[in-house]
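The values are calculated or read from the model by the stated rules, or taken from the named source; none is laboratory data. This is a predicted model, so every value here is computed, not measured. Backbone-built Cβ (ideal geometry, glycine too); neighbour counts: all protein chains shown. For the accessible areas, the whole protein counts, side chains as well, though only heavy atoms, and no ligand, DNA or RNA atoms are used. Shrake-Rupley method; radii C 1.70, N 1.55, O 1.52, S 1.80 Å.
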Amino acid sequence: MALLEINDLSSGYGELQILWGAGLRLESGKLTALVGSNGAGKTTLLRTLMGLVRPWGGAISFDGQTITSLSAHAKADLGLALVPEGRQLFTDMTVYENLELGAAAQRGRPHFKRNIERVFEILPRLKERVNQKAGTMSGGEQQMLAVARGIMAEPRILMFDELSLGLSPILTLSLFETLRKLKSEGLTMLLVEQNVHMALAVSDYAFVLSEGRVTIEGEARALAQNPEVRKAYLGI
Ligand code: ATP
């Protein structure tokens, strides 16, 4: 059974419908990608899943429990965590203070010590910069901090929105390497990416979102060979 399942989800903003019956599944311990073009509705799907945008219809279940319309707060308490697009760090605060805030909710607090050690082991650069103000770090370092803050929440599912946006290919590879390490620890992850090529290279399974619906899904390796995906998203 999938750890998280979304069925026939619709939502939008005001009168504007963005999701038109989208569905996907996250298998426990796997890295799943949700890819698609600019404006396909990927961020909207993540925000609806997290409870930041109200679902209009459909169902979301997590670990066998229906969570469709729970608040973002309740979903965070259950273990859903989002690393948002644009990082949303507290730029005037230090690395350490940002990590403390990441662990401030109910799930994270009891595991602060273990998780901060884990973060420093996986992302040693953050340990070197622990007292530096977040806003003075490079884009790549800030993205590392955003990932680390997500880990501090002790998530059962960690979701990333456009992790690679604005980063060089080398930094992107290094962050994806971090995701591989987290996967080897058994964490379930959802990677939302416009960079289809990179996302398919790192994930196990992928869903393609197009105009608010999932149109293609499959093993990431197979999708990278799929003629439709290659033509529409890989420019081949
Ligand atoms: P991107 O990679 O560009 O973020 P996306 O696939 O994540 O694309 P969304 O951000 O979900 O797509 O946007 C889907 C559509 O919803 C777009 O047409 C966008 O303009 C619209 N939209 C997003 N947020 C809002 C909002 N708060 N109010 C109104 N429309 C919105």
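With respect to MET50, is the statement that it is out of contact with any Pro (no Cβ under 8 Å at 6 or more places or on another chain), open to solvent by 40 Å² or more (accessible area, probe 1.4 Å), hydrophobic (A, V, I, L, M, F, W, C) and under 24 Å from MET152 (Cβ atoms) true? In short, no.
In segment 196-205, of all residues being in contact (Cβ under 8 Å) with a residue 40 or more places away in the chain and over 13 Å from the mean Cα position of the chain (by Cα), the one that is most open to solvent (accessible area, probe 1.4 Å) corresponds to TYR205. Close Cβ contacts (under 7 Å, 6 or more residues apart or on different chains) running from residues in segment 212-236 that are open to solvent by 100 Å² or more (accessible area, probe 1.4 Å) to residues that are of a type in the set (A, V, I, L, M, F, W, C) comprise ARG213/TRP20; ARG213/ALA22; GLU228/ILE216. Residues that are within 16 Å of the ligand (Cβ to nearest atom) and in contact (Cβ under 8 Å) with a residue 24 or more places away in the chain are absent from segment 60-72 altogether.
Considering LEU171, LEU99, the condition of being part of a helix (DSSP H, G or I), within 27 Å of LEU209 (Cβ to Cβ), in contact (Cβ under 8 Å) with a residue 24 or more places away in the chain and more than 14 Å from the chain's Cα centre (by Cα) is satisfied by LEU171 alone.
Scanning segment 184-203 for residues that are more than 18 Å from LEU234 (Cα to Cα) and either outside any loop (DSSP other than H, G, I, E, B) or charged (D, E, K, R) (or both) yields a count of 5. Scanning segment 138-153 for residues that are in a loop (DSSP other than H, G, I, E, B) and crowded, with 20+ Cβ neighbours inside 10 Å turns up at least one hit. Can you find even one residue in segment 115-128 that is in contact (Cβ under 8 Å) with a residue 40 or more places away in the chain, closer than 21 Å to PHE160 by Cβ, out of contact with any Leu (no Cβ under 7 Å at 6 or more places or on another chain) and not in a helix (DSSP H, G or I)? Within segment 115-128 (the criterion being in contact (Cβ under 8 Å) with a residue 40 or more places away in the chain, closer than 21 Å to PHE160 by Cβ, out of contact with any Leu (no Cβ under 7 Å at 6 or more places or on another chain) and not in a helix (DSSP H, G or I)), the answer is yes, since at least one residue qualifies. Any idea which residue in segment 1-22 is most open to solvent (accessible area, probe 1.4 Å), counting only those that are away from the ligand (no atom under 16 Å from the Cβ) and touching a residue at least 40 places away in the same chain (Cβ under 8 Å)? Going through the qualifying residues, I end up with MET1. Can you find a residue that is more than 22 Å from GLN194 (Cα to Cα) and within 16 Å of the ligand (Cβ to nearest atom) anywhere in segment 29-49? No, because not a single residue in segment 29-49 is more than 22 Å from GLN194 (Cα to Cα) and within 16 Å of the ligand (Cβ to nearest atom).
Residues in segment 23-39 that are surrounded by fewer than 22 Cβ atoms within 10 Å (Cβ to Cβ) and either polar (S, T, N, Q) or modelled with pLDDT under 95 (or both): SER28, SER37, ASN38, GLY39.
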